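Notes to accompany the following structure.
Bear in mind these aren't lab numbers, they're just calculated from the coordinates by the rules spelled out. Being a predicted model, the structure only gives us computed values, none of them experimental. All Cβ positions, even for glycine, are placed from backbone atoms using ideal geometry, and neighbour counts span all protein chains on display.
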Amino acid sequence: MMLRVLRSKGGFTYIGALVMVMIVGIMATRAAVVWSTAAKREREEELLSRGTQIRDALRKWYKVKVVDGKLVSSEAPAAGAQPAAPKPIPGPTDLDVLVKDPQARALRPYCLIDPITGKKWDLIKQEGRIVGVKSTSTQAPIKQGNFPFDLHPQDFEKKQKYSEWEFVYDHVPPTTATGGAVTGLGGSKSSVKLPSTGTSGTTTTP
């Protein structure tokens, strides 16, 4: 009788241990998913930060700035004159030049690395000039909306791959009365194309 009771207790102990192992395994799996998602969100935010810094460095290179939702020359206009249109300026030979450029000295070398892939950015060119960057990653972004106001919604919202997020210096988002970007708008991008400088090249923009 005593042996039968011990066997019964042993059986219950074994089953209980299996249940505990299963519970711990499920909790560990869920924790890993949560951690992975959080890490991916951090990389996304870093991607937005670095991409925006490169875009701003390109604006300094091309001597332009955004005024009232338009791209104009950053050079000081004459007294009483309106901001002038951008002047044609040859593009940088590569992104490394932006780090050394005195006007874009705030751009740090680590910004030249895509935080999603850990590799260099894919360059976006127009007429042979570097006008922006994008990731080479084909992963699907978690973030689908509520991007910073200074990023054009059409360049980022509802994209299926990180490689579809484009940081282009002359893409200016539509503005509201308070100066913020209007999300979810259709229509064309508000951008100002600089006149051709005579350089040749192919456009790598999708």
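Only four residue types carry charge here, +1 at the Cβ of Lys and Arg and -1 at the Cβ of Asp and Glu. Report the dipole size of the range 82-146 about the Cα centre in Debye, rounded to the nearest 20. Provide the component values of the computation, followed by the final result.
Details: 10 positive and 6 negative charges, 23 e Å.
In total the dipole reaches around 100 debye.
Give me the distance in nm between label points sitting 7 Å out from Cα along the Cα-to-Cβ direction at VAL24 and GLU75, one decimal.
7.1 nm
Please arrange SER74, SER49 by counting, for each residue, the other beta carbons lying within 10 Å of its beta carbon, fewest first.
Numbers: SER74 17, SER49 12.
Final ranking by Cβ density, sparse to dense: SER49, SER74.
Excluding LYS134 itself, what net charge comes from residues whose Cβ is under 13 Å from its Cβ, given Lys and Arg +1 and Asp and Glu -1? Each step should come with its number before you reach the end.
Numbers: positive: ARG50, ARG55, LYS119, LYS120, LYS125, LYS159, LYS161; negative: ASP114, ASP122, ASP155, GLU164, GLU166.
Value of the local net charge: +2.
Contour minus end-to-end for ARG41 and LEU123, with contour as 0.36 nm per residue of separation and end-to-end as the Cα-Cα distance? Each step should come with its number before you reach the end.
On the way: separation 82, 0.36 × 82 = 29.52 nm, distance 2.33 nm.
Once the chain is fully extended between ARG41 and LEU123, it gains 27.2 nm.
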